[in-house]
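Undergrad: One structure, pasted below without further comment.
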Amino acid sequence: MEYISTRGGSPALGFEDVLLTGLAPDGGLYLPRQLPRFDTATFERWAGLGYAALAAEVMQPFVEGFLSPAELRVICEDTYRDFRHPAVAPLVQLGPNEWVLELFHGPTLAFKDFALQLLGRLLERSLERRGERAVILGATSGDTGSAAIEGCRRSSRVDIFIMHPHGRVSEVQRRQMTTVIGPNIHNIAVDGDFDDCQELVKASFADQSFLPPGLRLVAVNSINWARIMAQIVYYVAAALALGAPRRAVGFSVPTGNFGDIYAGYLARRMGLPIAQLVIATNANDILHRFLRGEGYARGALLQTLAPSMDIVVSSNFERALFDFHDGDAAAMAGLMGRFRGGAVQVPPAVLERARAEFSSAVVDDERTCETIASVFRETEYLLDPHTAIGVRAARECRTDAALPLVTLGTAHPAKFPDAIHRAGVPREPQLPLYMADLLQRPERCARLPSDLALLAQFVRERVRA
Ligand SMILES: *Cc1c(COP(=O)(O)O)cnc(C)c1O
């Protein structure tokens, strides 16, 4: 399969090169030139498959030329065996036609494990074949960092450096990173906010001369195509479990960078009967304002109870906009060039296309807590704040009472105990037994000012040549 840039100014690449690349050189994002389409008979044949087997079927067209079906199957079995629920992505029912898809049974308790545990293994395979080594440099507001560290901790070919904003991630999130101790794992608490960390990553990618020769810098942020691809699978799994392809389903997705819900949109374009896709956001509501017709306009960053959705720009939305412009890369290059200033309008036809695909709702902190409390009262089920935003948005946006509407449960409630306390729920969220001692484990973490030269020196001194 060939991958092209949304902005049309970069050569097409195969899967392996896209895996190892972040942004396209023209600033765009890679996506497949043509999506595979699955017919009803194929979905029927897949019903009842185990998660790993289904994952291999769904992803095979995307990795063609890199892995054979048998190789992919082995990697999927190995990846999803580490998840602590035999169904990998179990469905829980909250009410009539109301479901939560629990995506937090991976090693770091958030949905990012589905993609990053796989990505670590794909990367290892590629580096092994090429006889190369790589450095992963990433910034995290919490969940990506721990999932990436977990995905690469056993790698002999990858050194990983993860920056988080000092004092601004939850204690559980921090400890899930800093208690993983190994010669190739480096946590850095940066004096600054998440944007400062991201700027340091961007600057390091722009000038890689600080790295010893022969080392490759790899990005694992949410625009990495392999992450999107892995996320398509659980939409298919949930829909099949609820009666697809004969019966349509809907999804509500707690959204930040638009990576997760974009995978749902792709599943729909590949033939899965998805009748409704709800963008659920916190007060950082750039996508909701866009769908209301207010243009695509950067806002101020607001800190909320759902920190993994605290973003000002939803990077992956560019991929959907590309489709809404009928793949007109020149128009996209122009649009994104103008957006650099912070706000841009789109043609009415583009907005209509977006509105036909998505509905949206904004859920503020107060209503997030209300939802955690009311769902607990009704069912004694504990929602994490991100998932609570999804459930609330699903209830507000539902257009068909008979449609099974599935909220993606993006994190385990024990990751965000503060929100649960604030909601006044009389139950302490418990970490799973296998990490019950997380708060006692020793931590290792460096602290650096937000300074590119110091970061470069830190990395250079620690990479294993
Ligand atoms: C990353 C994250 C999100 C947002 O996902 P996007 O793909 O960035 O839209 C939502 N909830 C949790 C718990 C996350 O970690």
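Just so it is clear, none of the values below were taken in a lab; they were calculated from the coordinates. Nothing here was measured: the structure is a model prediction, and the numbers come from that model. Positions of Cβ are generated from backbone atoms using ideal geometry, with glycine treated the same way; all protein chains shown enter the neighbour counts.
Undergrad: Based on DSSP H runs of at least 4 residues, each adding -39500 (n - 2.57), what is the mean residue ellipticity at 222 nm of the chain after dividing by all its residues, to the nearest 500 deg cm²/dmol?
TA: Details: 18 runs with 195 residues, N = 465.
Calculated from helices alone, the mean residue ellipticity at 222 nm is -12500 deg cm²/dmol.
Undergrad: Rg and Dmax in Å for the chain, alpha carbons only: what are they?
TA: Taking only Cα atoms of the chain, I get Rg and Dmax of 20.9, 59 Å.
Undergrad: Show me, for segment 297-308, the HN-Hα J-couplings you get by feeding each phi into the Karplus relation (A = 6.51, B = -1.76, C = 1.60, θ = phi - 60°), rounded to Hz, glycine and proline as x.
TA: 9, 4, x, 7, 6, 10, 8, 10, 6, 10, x, 6
Undergrad: Return the long-range amide H neighbours of I136 (sequence gap of 5 or more, or a different chain), with a cut-off of under 5 Å between placed amide H atoms.
TA: Here D159, I160, F161, V218 satisfy the definition.
Undergrad: Order 37-44, 59-66, 453-460 from most to least packed using the mean count of other Cβ atoms within 10 Å.
TA: Details: 37-44: 13.4, 59-66: 18.2, 453-460: 15.9.
Taking the mean over residues of other Cβ atoms within 10 Å, the ranking is 59-66, 453-460, 37-44.
Undergrad: Let me ask something else. Quickly work out the S209-to-V92 label distance, labels modelled 7 Å from Cα along the C-beta direction, and quote it in nm with one decimal.
TA: 5.3 nm
Undergrad: Could you please state, rounded to a whole Å, how far the C-alpha centre of segment 324-381 is from the C-alpha centre of segment 308-322?
TA: Centre-to-centre distance over Cα atoms comes out at 8 Å.
Undergrad: What value does segment 85-148 have for Rg/Rh, both radii from Cα atoms and Rh as Kirkwood defines it?
TA: Details: Rg = 15.7 Å, Rh = 13.8 Å.
In segment 85-148, Rg relative to Rh is 1.14.
Undergrad: Would you mind getting me the FRET efficiency between A41 and R269? Use the beta-carbon distance for r and R0 = 25 Å, nearest 0.05. Each step should come with its number before you reach the end.
TA: Details: r = 18 Å, r/R0 = 0.73.
With a Förster radius of 25 Å, E is 0.85.
Undergrad: Quick query: amide H of D82 versus all other amide H atoms, modeled in the peptide plane; which residues come in under 5 Å with a sequence gap of 5 or more or a different chain?
TA: Result for D82 returns nothing.
Undergrad: Can you compute the FRET efficiency between E77 and R153 using 1/(1 + (r/R0)^6), with r the Cβ-Cβ distance and R0 = 30 Å? Round to the nearest 0.05.
TA: On the way: r = 19 Å, r/R0 = 0.64.
The computed FRET efficiency comes out at 0.95.
Undergrad: Grab the alpha carbons of segment 211-265, take their convex hull, and tell me the volume per residue in Å³.
TA: Numbers: hull volume 4.8 nm³, N = 55.
Residue-normalised Cα hull volume stands at 88 Å³.
Undergrad: From the P(r) of segment 136-260, could you give the percentage of C-alpha pairs in the tail past 19 Å? Numbers along the way, then the final one.
TA: Values: 4408 of 7750 pairs.
The calculated P(r) of segment 136-260 puts 57 percent of pairs beyond 19 Å.
Undergrad: If you don't mind, there's one more thing I want to ask. Let me understand segment 233-357 better: what is its radius of gyration from the alpha carbons, and its Dmax, in angstrom?
TA: Just the Cα atoms of segment 233-357 yield Rg and Dmax of 15.2, 46 Å.
Undergrad: Across segment 319-407, how large is the tail of the calculated P(r) beyond 16 Å, expressed as a percent of all Cα pairs?
TA: Working: 2579 of 3916 pairs.
Value for segment 319-407: 66 percent of Cα pairs lie more than 16 Å apart.
Undergrad: On to the next question. Figure the gain on full extension for E2 and A53 (residue separation times 0.36 nm, minus the Cα-Cα span) and round it to one decimal in nm. Don't skip to the answer; put the middle values down first.
TA: On the way: separation 51, 0.36 × 51 = 18.36 nm, distance 2.39 nm.
Full-extension gain reported as 16.0 nm.
Undergrad: Right, another one. Segment 23-87: percent of C-alpha pairs farther apart than 19 Å?
TA: Details: 986 of 2080 pairs.
For segment 23-87, the share of Cα pairs beyond 19 Å comes to 47 percent.
Undergrad: Still on this structure: L454 to E132: extension gain in nm, 0.36 nm per residue of separation minus the Cα-Cα distance? Could the numbers behind the result be given before it?
TA: On the way: separation 322, 0.36 × 322 = 115.92 nm, distance 2.58 nm.
Once the chain is fully extended between L454 and E132, it gains 113.3 nm.
Undergrad: Right, here's the next one. To check my understanding: the extent here is largest minus smallest coordinate of the Cα atoms along each principal axis. What are those three numbers for segment 393-465, in Å, largest first?
TA: 59, 31, 25
Undergrad: Let me ask something else. Could you work out how much longer the chain between L301 and E199 gets when fully extended? Use 0.36 nm per residue separation minus the Cα distance between them, nm to one decimal. Before the final figure, lay out the partial values.
TA: Numbers: separation 102, 0.36 × 102 = 36.72 nm, distance 1.51 nm.
Separation in residues times 0.36 nm, less the Cα-Cα distance, equals 35.2 nm.
Undergrad: Would you mind putting 152-163, 252-263 in packing order, based on average other-beta-carbon counts within 10 Å, highest first? Walk me through the numbers on the way to the answer.
TA: Values: 152-163: 21.0, 252-263: 27.6.
Highest-to-lowest ranking by the protection proxy: 252-263, 152-163.
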